[in-house]
Amino acid sequence: MPNVVLMGPPGSGKGTQAARLAANHSLRHVSTGEILRRAVRDGTDLGRQVENILQSGGLVSDDLILDLMRETLGRLQAEGRGWLLDGFPRTAPQAEGLVEMLADLGIEAPVVVLIEVPEEELVRRLSGRLTCTADNHVVARGEAEDGDPCPECGAPLYIRSDDKPETVRNRLRVYHEKTEACTEILGAAFPLVKVDGLGAPATVTERIEGVLASDH
Ligand code: AMP
């Protein structure tokens with residue numbers, strides 16, 4: 001199984017798909033958003049540095065994220081672990097940094113999977129979801145409430161502070177302004193496949209599994 005870079009706008013189901021694919025293929029799920037949220041919850045130096053940025057839906061600095069990822073991928077390489085990236089890269093400098101970092105570390109080209117979902121569906125999904133504190137599992141509001149146990153792992157569910165409607169629009173704008181450029185840079189360096197993200201999560205997983213199993 002190749003290493004995977006999972007790309008897609010906020011609300012595309014990237015986190016859910018990342019957790020499933022990583023479990024199915026024993027890949028380490030590396031979610032920069034989850035690492036940063038945990039740092040905020042734990043009140044670490046990193047957490048204090050990024051708390052306000054996460055709250056606003058803006059992006060943490062490229063230097064900070066690149067240092068974090070260089071350290072993480074170097075460690076996984078030393079452990080011989082495969083990985084799946086979720087939420088990184090998010091800007092052109094991060095995408096260029098990733099290409100350079102993999103060459104430096106002697107890691108072979110990952111497959112880039114881009115999950116595509118129309119904008120109205122993204123806003124609808126993001127404004128009505130609960131996330132679990134343990135592993136990024138996502139449940140629609142209505143099926144459960146704030147504080148209920150996650151149906152997948154039992155950890156408490158909460159409403160992410162950046163899932164409020166104003167912040168949702170800002171996150172989508174940031175995605176269009178900054179993250180779409182990444183896809184072009186990654187597509188020039190690595191094999192890239194696009195997958196339709198509409199439909200039940202299990203259906204989307206099957207589509208991704210299908211493209212990962214075929215030549216790309
Ligand atoms: P996510 O869980 O991927 O939606 O990330 C949540 C928040 O964490 C984002 O809105 C950013 O504030 C921050 N973040 C996560 N990954 C990155 C990244 N690669 N570059 C900059 N900021 C990030």
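The values are calculated or read from the model by the stated rules, or taken from the named source; none is laboratory data. Keep in mind that this is a model prediction, so the values were computed, not measured. As a convention, Cβ positions derive from the backbone with ideal geometry for all residues, glycine included, and neighbour counts pool all protein chains shown. Side chains included, ligands, DNA and RNA excluded: accessible areas come from the protein's heavy atoms. Shrake-Rupley method; radii C 1.70, N 1.55, O 1.52, S 1.80 Å.
Structure notes:
- Cα centroid separation, region 15-59 to region 127-187: 11 Å.
- Accessible area expressed per residue, region 47-149, with surrounding protein chains retained (probe 1.4 Å, Å²): 47 Å²
- Loop-located GluC sites (Glu not before Pro) in region 36-112 (DSSP state other than H, G, I, E, B) with a sparse environment of at most 13 neighbouring Cβ atoms within 10 Å: Glu108.
- Remark: relative contact order (the chain) = 29 percent; criterion is Cα-Cα distance under 8 angstrom and separation of 6 or more residues.
- Legend: calculated FRET efficiency, Arg141 to Arg173, from the Cβ-Cβ distance at R0 = 25 Å, rounded to 0.05, equals 0.60.
- The listed residues Lys14, Lys164 rank as Lys164, Lys14 when sorted by accessible area, largest first, using a 1.4 Å probe.
- For region 141-154, putting each phi into the Karplus relation 6.51 cos²θ - 1.76 cosθ + 1.60 with θ = phi - 60° gives couplings of 5, x, 6, 7, 10, 3, x, 5, x, 5, x, 8, 9, x Hz, in residue order, rounded to whole numbers and with x for Gly and Pro.
- Two tests apply to each whole DSSP H helix in the chain, Cα reach of 24 Å or more along its axis and mean Kyte-Doolittle hydropathy of at least -0.5, and the ones passing both are 62-79.
- Under 19 Å of direct C-alpha separation, and excluding same-chain neighbours fewer than eight residues apart, Lys178 reaches these lysines: Lys14, Lys194.
- Percent of beta bridges antiparallel (DSSP, the chain, rounded to nearest 5): 25 percent
- With contacts taken as Cα pairs under 8 Å at a separation of at least 6 residues, region 118-216 carries a relative contact order of 18 percent.
- Area of Phe190 that stays accessible when all protein chains are in place (1.4 Å probe, Å², to 10): 20 Å²
- Net dipole in debye of the chain [+1 Lys, Arg Cβ; -1 Asp, Glu Cβ; about Cα centre; nearest 20]: 300 debye
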